[in-house]
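Readers should treat all values here as calculations from the given coordinates under stated rules, not as data from a laboratory. Here the structure is a predicted model, which is why all the values come from computation and not from measurement. Every residue, glycine as well, gets a Cβ built from its backbone with ideal geometry; the counts of neighbours run over all protein chains shown.
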Amino acid sequence: MTQINSQPSTQQQTEFLRQLKNTFEKMPYDIDMLLFTERGAENIFAESTRQVVRAFRELTSRIHLREYSLDHDMAKKWQITYAPTLLIAPDRYAIRWIGAPMGEEARTFLETMMMVGTGLSNLSDQSRKVIAGIDSERHVKVFVSPTCPYCPQQAVNAVKAAVERPGVISVELIDIQCNPELAHQYSAHSVPQTYAEEVLIGQGAQSEEVFALSLSKLEPQTIFIPDSDAELVETDLLIVGGGPAGLTAGIYAVRSGLKTAIVERNALGGQVATTPVVENYPGFTQIGGKTLVDILTAHALEYVQIFQGEEVVDVTPGQPFGVTTTRRRFKANSILLATGANHKHLNVPGESRLAGKGVSYCSTCDGPLFKGRTVVMVGGGNSAVTEALYLQHMGAHVTLVHRRDSLRAQKFLVDQLASSGIPILWNTEISEIRGKDRVESIETTNTQTHEKASLPVDGVFLSIGYEPAVELAQKIGVTLTPDGYIQKDAGHRTSISGVYSAGDVEGGYKQIVTAAGQGAEAAMSIFEDVINPYWNRS
């Protein structure tokens with residue numbers, strides 16, 4: 001269970017630091033670090049690394065830092081070629097950070113300190129078995145960005161493996177903002193992106209077990225089936241999905257007296273976590289998407305148990321339902337499907353082949369890599385306009401591509417777009433994305449004249465809507481609407497007794513506040529049905 005506490009009070013901060021200090025002092029191992037920098041060069045990443053390490057050293061004397069230049073003999077000893085590079089406990093583990101542990105990656109740094117100081121990987125039993133079976137060396141590279149909320153999950157997976165099998169598994173965490181050339185060399189234009197033995201084994205964040213399996217097999221895996229002796233958790237309600245709908249439902253369900261758990265396979269918050277700016281949520285004139293997610297998550301964690309990084313792989317009907325995830329088993333009297341929606345694809349030649357190599361669905365995650373480069377943002381709604389503005393703010397040269405002659409976005413955003421000077425290609429669709437190893441150009445088609453044109457670009461960002469994530473609903477046998485969303489009644493009840501839905505998976509308005517409201521409605525409906533089951537009513 002991952003706990004995020006956003007905007008803590010001074011008292012909470014003091015207590016957290018006290019606990020952290022006590023934890024460090026009880027660790028059996030000191031933490032030695034070697035920082036390699038360029039002699040005489042001012043570097044924001046090197047200075048940021050110094051500041052982060054200095055902040056930890058103020059908490060404990062167990063952390064030791066030595067700094068060397070790239071032309072020092074120590075750099076030759078450790079084969080350091082990039083600056084800044086931070087080696088963490090190099091005499092015990094092969095963990096190096098190429099860049100700086102800033103932004104979202106501060107979480108990765110903290111967890112790394114904990115693992116190195118205790119000598120414990122904290123891998124699940126399932127993952128440990130897979131890692132133990134690896135019989136040859138694995139050199140792992142994880143490309144990350146300080147602005148990517150999904151990156152810490154994958155980076156921590158890699159560090160866990162390195163701590164579990166020192167001498168067998170080595171890890172490089174590579175910041176794409178600090179090392180864009182290295183990212184381009186690997187065509188790592190989307191983060192997180194993971195290589196082992198120079199083979200791509202993961203695009204995006206993976207659950208711990210799926211990462212371990214990918215590392216073992218040296219090819220991307222999509223599912224991990226746990227052993228039958230996995231831990232059993234019994235609940236009144238199991239919520240599948242940790243977006244606004246699922247988190248809100250968890251709060252309301254527990255307050256109603258229902259023992260509740262939330263399972264989320266990816267980062268908490270869903271699409272909101274990667275939204276640069278949210279401007280239409282009540283109570284906030286403007287707030288970062290990730291900040292809003294942290295607030296929602298911190299609130300939910302006061303009530304409900306959250307299992308992050310777990311994917312539901314099987315559901316057995318009955319009372320109770322049997323639910324198997326990639327880590328454990330659940331018995332639940334009711335299930336709420338708050339699985340949200342996934343990004344729509346253009347489905348044009350080159351899109352899937354160049355995904356992560358210039359084709360991106362997350363400007364927050366990947367935008368920093370395109371500073372000074374030419375990109376297009378495809379779409380005409382609120383998200384597309386917001387992300388186009390964000391990309392411009394990050395220093396990219398942006399053009400908006402829209403298939404119609406007017407935008408669907410709110411007037412406020414349209415006005416911002418107009419004042420920004422971002423050009424728009426009206427009545428235009430992308431018919432092909434071209435490039436050998438990375439995006440090099442796009443072919444466009446005018447929807448009115450059918451005229452084709454070629455446009456050189458370095459990146460293609462897509463925000464053209466979403467498709468409901470109904471795979472699990474279909475597996476269970478839930479009836480869908482003609483549009484492919486979950487069919488439900490006014491109480492969010494699906495066609496299967498005891499299975500409910502909420503949020504974007506139901507269709508309707510794709511708004512954060514709407515999803516949260518539906519989550520609250522569903523939770524209250526479930527509570528009412530527990531008291532007086534609708535399937536038993538005359």
Fully extended, how many nm does the chain gain between Glu181 and Glu219 (0.36 nm per residue separation, minus their Cα-Cα distance)? 11.2 nm
From the residues Phe143, Tyr281, Ile174, which one has its Cα farthest along the dipole of the chain in the positive direction, the dipole being from +1 and -1 charges on Cβ of Lys/Arg and Asp/Glu about the Cα centre? Tyr281
State the antiparallel share, in %, of DSSP beta bridges confined to the chain, rounding to the nearest 5. 45
Quote the FRET efficiency, to the nearest 0.05, computed for His299 versus Glu528 with a Förster distance R0 of 30 Å and r equal to the Cβ-Cβ distance. 0.85
With only Lys, Arg, Asp and Glu charged, each at its Cβ (+1 for the first two, -1 for the last two), find how big the charge dipole of segment 359-462 is about the Cα centre; round to the nearest 20 debye. 100
Nitroxide proxy distance, nm - points 7 Å out along Cα→Cβ at Gln13 and Thr118: 2.6
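What is segment 359-462 by shape, rounded, prolate or oblate, if you read a ≥ b ≥ c off the alpha carbon gyration tensor as root eigenvalues and call it rounded for a/c under 1.5, prolate for a/b larger than b/c, and oblate otherwise?
Oblate.
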Can you sort His450, His397, His345 from fewest to most other Cβ atoms within 10 Å of each residue's own Cβ? His450, His345, His397
Helix-only estimate, please: 222 nm mean residue ellipticity of the chain, summing -39500 (n - 2.57) across DSSP H runs of length 4 or more and dividing by its residues, to the nearest 500. -9500 deg cm²/dmol
Hey, what do the phi angles of segment 417-426 turn into as Karplus ³J(HN,Hα) couplings, whole Hz, using 6.51/-1.76/1.60 and θ = phi - 60°, x for Gly and Pro? 4, 4, 6, 6, x, 5, x, 10, 9, 6
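Going through segment 12-48, which chymotrypsin sites (Phe, Trp or Tyr not before Pro) have at most 10 other Cβ atoms within 10 Å and a DSSP loop state?
For chymotrypsin sites (Phe, Trp or Tyr not before Pro) across segment 12-48 that sit outside H, G, I, E and B with at most 10 neighbouring Cβ atoms in 10 Å, the list is empty.
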Going fewest to most other Cβ atoms within 10 Å around each Cβ, Thr274, Thr118 line up as Thr118, Thr274
Among all cysteines in the chain, which have no other cysteine Cβ under 4.7 Å from their own Cβ? Cys178
Can you list the chymotrypsin sites (Phe, Trp or Tyr not before Pro) in segment 282-366 that are in a DSSP coil and have 13 or fewer other beta carbons within 10 angstrom? Phe284
Global form of segment 92-140, assessed from the alpha-carbon gyration tensor, a/c cut-off 1.5: prolate
Whole-angstrom gap from segment 30-64 to segment 113-152, using each part's C-alpha centre: 22
Run the reach check for Lys411 against aspartates and glutamates, Cα to Cα strictly under 13 Å, same-chain hits fewer than 8 apart removed. What comes back? Glu279
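Subtract the Cα-Cα distance of Lys475 and Leu232 from 0.36 nm times their separation in residues, and report this length gain in nm to one decimal.
85.3 nm
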Run the simple label-point estimate for Glu198 and Thr23 please: 7 Å along Cα→C-beta, distance reported in nm. 3.9
Would you mind checking segment 275-308 for residues with the amide N under 11 Å from a putative spin-label position 7 Å along Cα→C-beta of Phe412? 278-287
Grab the beta carbon distance between Glu279 and Trp426, set R0 = 25 Å, and tell me the FRET efficiency rounded to 0.05. 0.55
Can you list the GluC sites (Glu not before Pro) in segment 141-204 that are in a DSSP coil and have 12 or fewer other beta carbons within 10 angstrom? Glu198
In the structure displayed, which of Lys344/Lys488; Lys371/Lys436; Lys141/Lys217; Lys371/Lys510; Lys452/Lys510; Lys76/Lys129 lie more than 25 Å apart, Cα to Cα? Lys371/Lys510; Lys452/Lys510; Lys76/Lys129
Taking neighbour counts of Cβ atoms within 10 Å as a proxy for exposure, in what order, fewest first, do Thr112, Thr444, Thr10, Thr23 appear? Thr10, Thr23, Thr444, Thr112
